[in-house]
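For reference, the structure is listed below as structure tokens.
The values are calculated or read from the model by the stated rules, or taken from the named source; none is laboratory data. What you are looking at is a predicted structure, and each value in this text was computed from that prediction instead of being measured. Neighbour counts run over all protein chains shown; Cβ positions are idealised from the backbone, glycine included.
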């Protein structure tokens with residue numbers, strides 16, 4: 001494999017420790033303001049208010065558990081104490097689990113204790129994050145399990161919810177898969193529209209354009225997307241680190257892999273489903289990328305039950 005980069009360098013796994021907590025706290029703060037002040041409305045309140053919980057005495061102390069109503073792959077536990085501190089720093093959270101754990105139906109995976117009023121105020125936002133992120137992790141686990149006996153790695157894409165990309169990519173990893181690039185800044189990736197623009201300028205070949213980018217950004221991998229095997233000759237001449245086969249059939253994918261012949265890593269993308277993954281994983285691809293576990297996932301059912 002002539003690439004300057006390892007397979008690990010082209011398929012990262014985001015850890016919680018790499019995530020900026022200022023970013024997380026900002027999202028939580030806005031979520032709380034949306035729920036208790038009407039953030040986003042022209043007549044938003046200047047102070048947070050939960051009119052219903054006013055029925056609960058400030059001195060009342062309570063305890064509640066988090067319960068999986070269906071089997072799930074867990075994601076979002078690190079968020080729980082950060083959410084609780086936004087409502088009441090005296091609230092506590094205990095768990096014997098970690099993100100990525102498989103939780104069976106009916107199983108409790110954490111206990112919250114403290115002011116009853118504060119727990120009730122935090123409940124919906126806390127569950128929203130857990131259900132949303134665990135939904136992505138649970139769906140991703142189904143996809144990644146399809147590749148468990150293959151050397152092919154499952155990657156995500158940039159098809160993410162605006163401003164929630166890092167959390168969604170973290171949830172994807174909790175489901176047992178890998179991250180593609182995080183944004184436009186960390187990989188040279190020539191896509192179909194880039195090629196269309198370049199074709200209008202015959203002064204330089206694709207290889208010459210790539211060499212200029214390499215000299216400008218020597219530490220970044222180069223990936224080129226193609227939608228036909230006819231493009232492979234010119235693309236291979238540019239010596240990319242990875243070639244993305246966009247919406248190729250099984251037969252076309254096999255043909256492309258043979259032509260590439262380990263001159264670059266290969267990645268399949270577009271039209272990836274649970275029904276065609278079993279066939280794709282046997283072809284010798286290095287990567288398969290799909291945004292489906294993120295943008296097509298469903299929230300999972302998690303409850304907060306009072307003890």
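Points to keep in mind about this one:
- Screening the stretch 146-172 for residues that are in contact with a helix residue (DSSP H, G or I) (Cβ under 6 Å, 6 or more places away or on another chain) and under 26 Å from residue 257 (Cβ atoms) and picking the one that is surrounded by the fewest Cβ atoms within 10 Å (Cβ to Cβ) gives 159.
- Assessment of the stretch 154-172 against the conditions (assigned by TED's automatic domain parsing to the domain that holds residue 26, in contact (Cβ under 8 Å) with a residue 60 or more places away in the chain and not in a loop (DSSP other than H, G, I, E, B)) yields no matching residue.
- For the stretch 225-248, the tally of residues that are modelled with pLDDT of 95 or more and out of contact with any helix residue (DSSP H, G or I) (no Cβ under 9 Å at 6 or more places or on another chain) stands at 4.
- Residue check, residue 79 in the same structural domain as residue 138 (by TED's automatic domain parsing) and over 24 Å from residue 301 (Cα atoms): no
- Failed item in (1) touching a residue at least 40 places away in the same chain (Cβ under 8 Å); (2) outside the structural domain of residue 97 (by TED's automatic domain parsing); (3) out of contact with any strand residue (DSSP E or B) (no Cβ under 6 Å at 6 or more places or on another chain); (4) under 17 Å from residue 172 (Cα atoms), with residue 11 passing the rest: (3)
- Qualifying residue in the stretch 30-37 (condition: under 30 Å from residue 239 (Cβ atoms) and outside any helix (DSSP H, G or I)): no
- Of all residue pairs spaced 6 or more apart or on separate chains, those with beta-carbon atoms under 6 Å, a first member in the stretch 55-66 that is in the same structural domain as residue 93 (by TED's automatic domain parsing) and a second member that is in a strand (DSSP E or B) and exposed (fewer than 13 other Cβ atoms within 10 Å of the Cβ) are 64/306; 65/305.
- Output for the stretch 55-82, where each listed residue is out of contact with any helix residue (DSSP H, G or I) (no Cβ under 7 Å at 6 or more places or on another chain) and either at positive phi or assigned to a helix (DSSP H, G or I) (or both): 55, 81
- Filtered residues of the stretch 173-197 (kept if outside any loop (DSSP other than H, G, I, E, B) and either surrounded by 15 or more Cβ atoms within 10 Å (Cβ to Cβ) or assigned by TED's automatic domain parsing to the domain that holds residue 20 (or both)): 173, 174, 178, 179, 188, 189, 190, 194, 195
- Pairs, first within 27 Å of residue 6 (Cα to Cα) in the stretch 193-221, second at pLDDT below 80 and part of a helix (DSSP H, G or I), C-beta under 7 Å, six or more apart: 206/198; 209/198
- Qualifying residue in the stretch 131-138 (condition: part of a helix (DSSP H, G or I), more than 18 Å from residue 80 (Cα to Cα) and assigned by TED's automatic domain parsing to the domain that holds residue 84): yes
- Set 245, 285, 213: member being in contact with a strand residue (DSSP E or B) (Cβ under 8 Å, 6 or more places away or on another chain) and part of a strand (DSSP E or B): 245
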